[in-house]
Each structure stands twice: as C-alpha cells, then as structure tokens.
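Below you'll find the structure, written out as structure tokens, and then a few comments.
The values are calculated or read from the model by the stated rules, or taken from the named source; none is laboratory data. Since the model is a prediction, treat every value here as computed from it, not as a measurement. Cβ: placed from backbone, ideal geometry, glycine included. Neighbour counts: every protein chain shown. Quick note on the areas: whole protein, heavy atoms, side chains included, nothing else; ligands and nucleic acids left out. Shrake-Rupley method; radii C 1.70, N 1.55, O 1.52, S 1.80 Å.
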Amino acid sequence: MRETARGGEGPAAARALGVYRLNADDAALVEVAPGAHAWVQPEGGWWVNNAGLVTADHGGEALVVDTCVSSERTRRFLDAAAAATGRAPIRLAVNTHQHGDHTYGNHLLPESTLIAAQEKARDGIVADPFFSGVPRIWEPMPDWSDAVLRPPALTFRSSLAVHLGRRRVEVHHPGETAHTPGDAVVWLPEEKVLFAGDLVFNRVTPLIFMGSLDGARRALDWLAAFGAEAVVPGHGPLPSGEQEVRRCLDEQARYYELVQRIAERGRAGGLTPLQAARKADLGGFADWPDAERIVLNLHRVYADAAGVEMDMEAAFADTLTYLGGPMHCEA
Ligand SMILES: [Zn+2]
C-alpha cells in the first residue's frame with residue numbers, strides 16, 4: 001500500500017513519506033493496487049467518508065467512487081486525484097448510495113463526467129430531505145450550503161460494467177436494502193479491490209437506520225464472497241491485508257448481532273428504542289465513534305419488526321436525548 005497524495009500537500013512530499021499514516025485532519029490518497037486508490041478521511045465519523053479513484057490501464061482516463069459532503073473536502077479529493085493521474089479526465093463517477101457525505105460534492109465534478117448510481121440511490125438523492133435544510137442536530141454542522149443538487153444521470157438495477165481501457169470495473173447492487181435501498185459496490189475483478197461504500201464501516205459504528213438490519217447482515221456474506229484482497233470501507237481506516245478485512249467484516253457482523261439482541265430484549269421487555277439503548281451494554285463498541293447510532297439503529301429494527309414506517313424525527317430526537325446534546329461531527 002502506497003500513499004500517493006495528501007490533502008494540502010504536494011504528491012512528492014507524500015511519496016517521500018512512503019508509509020501509510022494518517023492524522024485526524026490528514027486525508028490521504030492511498031494506492032491499494034496498481035491504478036486503484038482510496039481517498040481516506042480520518043476519523044470517519046458523521047459526514048466524513050472515504051472515496052475512491054480508479055485509473056485506466058493506459059492512464060489517460062479515470063473513474064471516481066463518490067464525492068464528499070462539503071466543497072472543501074470534495075475539492076481536496078479531486079485535487080489529489082488530479083495530481084495522481086496527471087489530470088486525466090474523469091469519465092464516470094459512481095455514487096455508492098444516496099447519503100450526502102458521498103454525493104453532495106457531485107456538483108464539483110466536471111460537466112462531462114457521467115454520474116452513475118443504483119436507481120433507488122438516485123431516487124433517494126432527488127428526494128433527500130437533508131439537502132435543503134436540516135436542524136442543527138450535529139455540532140459543528142457540516143456545511144454544504146453552496147452545493148447544487150446533481151443527481152446521477154445514469155442508473156442501473158443490479159449491475160454495470162465499465163471498461164477503462166483494458167481495466168474492467170464492475171458495479172454491483174446487493175439485491176436488497178442494506179445500508180440504504182440503493183447501495184452499490186465498485187469491484188475490480190483483476191485487482192480484487194472492493195470499494196464497499198457504507199456496506200462496510202471499519203472501527204466506526206455502522207449505521208442502518210435508512211436501511212435494514214437483516215439486509216445489512218446478509219450483505220456482509222455477499223461482500224465476503226467477492227474474495228477481495230483490499231476493501232475500501234465507506235468510513236474508517238483501510239483494513240490492511242486479507243486478515244484485517246476479515247476482522248473488519250467479523251466485527252461488523254458482531255455489532256449487528258448485538259443490535260438484534262438488544263432490540264429483541266427491548267421489545268420483549270416493553271422498552272422503547274431509547275430505553276433499550278440506555279440499558280444496553282455496547283461492550284467494546286461503546287468506544288467506536290458515533291456509538292449513539294445504537295438509538296437510530298434500534299428505531300429501524302423496531303419499525304421493521306412492527307411493519308411500520310420509521311419515524312425519522314423521533315429517532316433523531318431520541319438520539320439527542322441519549323447523548324444529552326447534538327451529535328459530534330468533524331466534517
Ligand atoms: Zn451512508
């Protein structure tokens with residue numbers, strides 16, 4: 001794994017470092033396989049995502065995976081991508097799902113860049129209630145006030161194959177709602193690199209409140225079947241090596257099992273999601289960033305178990321009550 005460019009510094013300085021090393025404000029473009037880069041933004045909490053860059057085998061064109069929440073973050077990513085590719089044109093961008101930390105920067109992509117997403121992700125982007133205004137439930141609030149909504153122009157239902165020169169890039173939907181209804185991964189079959197979007201969180205609390213716990217659990221098996229040698233999570237540090245990838249997926253599965261258990265006990269005991277969350281022992285997961293997501297996740301499981309729509313406002317209100325204030329955000 002080689003670090004090729006860092007936000008705010010020249011690529012030459014980054015190469016001289018030669019080591020994969022990140023500080024809190026220190027996003028970096030890391031080459032995970034020849035021609036495949038991860039844009040990793042520490043620490044990976046609320047609104048702070050990872051993105052990706054894939055270049056053609058001949059180097060003359062590129063594809064990006066996701067953008068970022070704010071213009072500042074997206075520009076830093078696109079500048080690093082331009083430095084790494086010698087300003088190769090970005091032919092295609094793939095939005096791994098509808099969330100704003102992966103899509104609000106779409107408007108900064110060149111006009112000639114085609115943006116693709118699963119069809120339900122596009123629906124979610126077009127209908128996103130957060131985009132035009134959200135109460136101050138994070139502190140500090142991330143700023144996308146200058147963003148212009150730019151939904152994907154190309155949609156697919158299950159899969160898409162892109163040919164960058166001779167490099168094959170595949171985009172796949174897990175077949176059901178998981179993190180969100182329209183999740184997609186970007187898969188390089190030759191290089192065995194998987195850009196997993198928010199189907200994978202590494203050492204950051206997973207979030208399924210706009211998705212499905214059952215779907216997210218099945219998606220972990222679906223992801224494992226790719227046999228990836230490198231996985232780029234939607235949030236959190238890069239797992240280095242196959243063992244780390246397994247550890248990361250196993251931990252996430254254990255978190256989901258815990259959410260399931262807390263929800264079952266809570267429902268059986270007549271507790272509300274907030275009461276169940278307050279009573280729950282999160283064990284080692286209590287130290288992961290954004291642990292308060294347990295409240296949102298429980299709201300989702302409760303709603304699905306009862307077969308009703310989740311009350312988003314109540315879920316966020318409970319989360320703030322659980323925390324005793326707004327959610328912390330570094331974006
Ligand atoms: Zn997300």
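Tabulated data for the structure shown
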read-out	value
Hey, GLU111 more than 28 Å from TYR256 (Cα to Cα) and either open to solvent by 60 Å² or more (accessible area, probe 1.4 Å) or not basic (Lys, Arg) (or both) or not	yes
The one condition in (1) open to solvent by less than 50 Å² (accessible area, probe 1.4 Å); (2) polar (S, T, N, Q); (3) under 30 Å from VAL30 (Cα atoms) that ASN297 fails to fulfil	(3)
Flag for HIS172 being surrounded by 15 or more Cβ atoms within 10 Å (Cβ to Cβ), closer than 25 Å to PHE226 by Cα, within 16 Å of the ligand (Cβ to nearest atom) and not polar (S, T, N, Q)	no
Residues being in contact (Cβ under 8 Å) with a residue 60 or more places away in the chain and not in a strand (DSSP E or B) - total across the range 82-94	2
Candidate set from the range 183-198 (those that are more than 11 Å from the ligand (Cβ to nearest atom) and not in a strand (DSSP E or B)); member that is surrounded by the most Cβ atoms within 10 Å (Cβ to Cβ)	ALA184
Residue in the range 96-107 that is open to solvent by 10 Å² or more (accessible area, probe 1.4 Å), under 22 Å from VAL169 (Cβ atoms) and part of a strand (DSSP E or B) present	no
The one condition in (1) in contact with a helix residue (DSSP H, G or I) (Cβ under 7 Å, 6 or more places away or on another chain); (2) of a type in the set (A, V, I, L, M); (3) away from the ligand (no atom under 16 Å from the Cβ); (4) under 22 Å from ALA317 (Cβ atoms) that ALA253 fails to fulfil	(4)
Sole exception among (1) closer than 19 Å to THR67 by Cβ; (2) of a type outside the set (Asp, Glu); (3) part of a loop (DSSP other than H, G, I, E, B) for GLY133, by number	(1)
Number of the condition not met by LYS279 [criteria: (1) among the charged types (D, E, K, R); (2) exposed (fewer than 15 other Cβ atoms within 10 Å of the Cβ); (3) modelled with pLDDT of 95 or more; (4) closer than 27 Å to ALA184 by Cβ]	(4)
Filtered residue count, the range 234-247, keeping only those that are within 15 Å of ALA33 (Cα to Cα) and within 16 Å of the ligand (Cβ to nearest atom)	0
In the range 38-79, the residues that are assigned to a strand (DSSP E or B) and open to solvent by 10 Å² or more (accessible area, probe 1.4 Å)	THR55
Near pairs, Cβ below 6 angstrom, 6+ apart or cross-chain, from the range 253-267 (at pLDDT 95 or above) to any residue that is aromatic (Phe, Trp, Tyr) and surrounded by fewer than 16 Cβ atoms within 10 Å (Cβ to Cβ)	none
Residues within the range 250-290 that are of a type outside the set (A, V, I, L, M, F, W, C) and more than 16 Å from TYR322 (Cα to Cα), tallied	16
Exclusive hit being closer than 28 Å to THR67 by Cβ, touching a helix residue (DSSP H, G or I) at 6+ places or on another chain (Cβ under 9 Å) and surrounded by 15 or more Cβ atoms within 10 Å (Cβ to Cβ), set ALA315, ALA303	ALA315
Candidates VAL134, VAL162, VAL204, VAL245 - the one that is farther than 17 Å from LYS120 by Cα and under 13 Å from the mean Cα position of the chain (by Cα)	VAL204
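Here is a yes/no grid of residues against (1) within 16 Å of the ligand (Cβ to nearest atom); (2) closer than 30 Å to TYR322 by Cα:
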{"site": "LEU108", "(1), (2)": "no, no"}
{"site": "VAL126", "(1), (2)": "no, no"}
{"site": "SER132", "(1), (2)": "no, yes"}
{"site": "TRP138", "(1), (2)": "yes, yes"}
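Quick grid of which residues meet (1) at pLDDT below 95; (2) within 12 Å of the ligand (Cβ to nearest atom); (3) under 16 Å from ALA116 (Cα atoms):
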{"residue": "TRP39", "(1), (2), (3)": "no, no, no"}
{"residue": "GLU61", "(1), (2), (3)": "no, no, no"}
{"residue": "VAL69", "(1), (2), (3)": "no, yes, no"}
{"residue": "PHE77", "(1), (2), (3)": "no, no, no"}
{"residue": "ALA81", "(1), (2), (3)": "no, no, no"}
{"residue": "THR85", "(1), (2), (3)": "no, no, no"}
{"residue": "ALA93", "(1), (2), (3)": "no, no, yes"}
{"residue": "HIS102", "(1), (2), (3)": "no, yes, yes"}
